[in-house]
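The block underneath contains the structure these notes are about, expressed in structure tokens.
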There are 2 protein chains.
Amino acid sequence: MKPIHLAALAVAIASCALAAALVVRADGMEAGSASPIYGVTIPNGYRSWELIAPAQEAPPLDELRVVLGNPVAVQAYRDGTLPFPDGAVLAKLAWKHVPSPEFEPASIPGAATTVQFMVKDSRKYAVTGGWGFGRFINGKPADEAQHRTCFACHQARVRDHDRVFTRWAP
Amino acid sequence: MKPIHLAALAVAIASCALAAALVVRADGMEAGSASPIYGVTIPNGYRSWELIAPAQEAPPLDELRVVLGNPVAVQAYRDGTLPFPDGAVLAKLAWKHVPSPEFEPASIPGAATTVQFMVKDSRKYAVTGGWGFGRFINGKPADEAQHRTCFACHQARVRDHDRVFTRWAP
């Protein structure tokens, strides 16, 4: 291999390493996978978190939803702690609402639509009630315009429940 | 205290002990808390099990539902194992479906209605596809007539999915 080729190879390797450094962060998430404004990323293992409650969203969204909570959030619900402590994270999973092909009166989850998170950090998110928001579609964060709507609605409608809509399903 | 009173007291104590022995079983559940036909009881800690999927039931039941699974069941779903292995337990929690007072397009859980279980034990429940069924209302098992309907419907409609309606929500 000629020296010029070796040099080109070295440059190529260095470029790849730089690219990797740019897109992989210390927490293992890809850069660009964090939500605009808040920098919320998809937490590892959230699909295994405990159930807080299900919900249904009418058309046009027409979704079945479930809110799950990490252990800090679940403990706060069980104890009735408000405001939620730092470290609490809520996950809202949503699917299209489709008829069951096997049992007529039932509707079941179709395709996944969005996964959304609320992360409590009273310092980092002091200007939004202590909550950071992240809305993801196919694992990618929604745009900044969508994220601008989160806090205003939560603040207007459920300020007295620490800006959290979901109650523990009894 | 006269001897006759002591004897009466001894009889009373013995009677209480006998009554206690009759209503408390080895697993700590009250006798009478097991489902008719199948003898299924409410498993400890089921409210903390992992989410399999939510569902909605149309009127007249008009319910929001969630199916949770114990670790054996969840592993079977994740691995695509059919039939479900012995030890798998599924829990279906149901609530009345009520409008959210805080967000018009949403419906949320109202009062809890039933909690139902399917318990896989291929020997004990050999004549019902390996599944035992339990349907509970306010912690008490529903009557035998209700339990007679479980297997026939599951067998007729979802035999090919090991008599389980619910699929893993993606």
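The values are calculated or read from the model by the stated rules, or taken from the named source; none is laboratory data. Owing to the predicted nature of the structure, the values given are computational and were not obtained by experimental measurement. We place every Cβ from the backbone using ideal geometry, glycine too, and count neighbours over all the protein chains shown. For accessibility, only protein heavy atoms count, side chains too; no ligands or nucleic acids. Shrake-Rupley method; radii C 1.70, N 1.55, O 1.52, S 1.80 Å.
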Equivalent ellipsoid semi-axes, the stretch B:33-161, via Cα gyration tensor eigenvalues times 5, rooted, Å: 26, 18, 14
Two-site label geometry, A:Ser33 and A:Asp121: point separation in nm, points 7 Å out along Cα→Cβ: 1.6
Calculated P(r) of the stretch A:56-115 - Cα pairs past 16 Å, %: 55
Accessible surface of the stretch B:33-161 [probe 1.4 Å, protein heavy atoms]: carbon and sulfur percent: 55
For B:Ala58, label point 7 Å along C-beta direction: distances to other copies, nm: 1.8
Inter-centroid distance (Cα atoms) of the stretch A:88-144 relative to the stretch B:98-142, Å: 24
Residues losing 50 Å² or more accessible surface upon assembly, the stretch A:154-170, compared with the chain by itself, 1.4 Å: A:Arg157, A:Pro170
Once the Cα gyration tensor of the stretch B:32-77 is diagonalised, semi-axes √(5λ) in Å: 21, 19, 9
³J(HN,Hα), Karplus 6.51/-1.76/1.60, whole Hz, each residue of the stretch B:38-54, x for Gly, Pro: 9, x, 7, 10, 6, x, 4, x, 4, 5, 9, 5, 6, 5, 8, 5, x
In sequence order, calculated HN-Hα J values of the stretch B:121-126 (Karplus, 6.51, -1.76, 1.60; Hz; x Gly/Pro): 8, 5, 8, 4, 10, 4
Accessible area buried between chains A and B, both sides summed, probe 1.4 Å, in Å² to nearest 100: 3000
Label distances, nm, A:Arg159 versus same residue in remaining copies, Cβ-directed 7 Å point: 6.1
For A:Ala88, residues with placed amide H under 5 Å, excluding near neighbours: A:Lys120
Solvent-accessible area lost in complex, 30 Å² minimum, residues of the stretch B:63-111 relative to chain alone, 1.4 Å: B:Leu64, B:Val66, B:Trp95, B:Glu102, B:Phe103, B:Pro105, B:Ser107, B:Pro109
Using θ = phi - 60° and Karplus 6.51 cos²θ - 1.76 cosθ + 1.60, couplings along the stretch B:137-151 (whole Hz; Gly, Pro as x): 10, 6, x, 10, x, 5, 6, 5, 4, 5, 6, 6, 8, 4, 5
Nearest-to-axis residue of chain B, judged by beta-carbon position, where the axis maps B onto A, in Å: B:Pro54, 2
Ascending list, in nanometres, of distances separating the B:Gly39 label from those of the other copies (7 Å, Cα toward Cβ): 5.9
Distance violations [Cα-Cα > 24 Å] among A:Lys92/B:Lys96; A:Lys96/B:Lys140; A:Lys96/B:Lys96; A:Lys92/B:Lys120: A:Lys96/B:Lys140; A:Lys92/B:Lys120
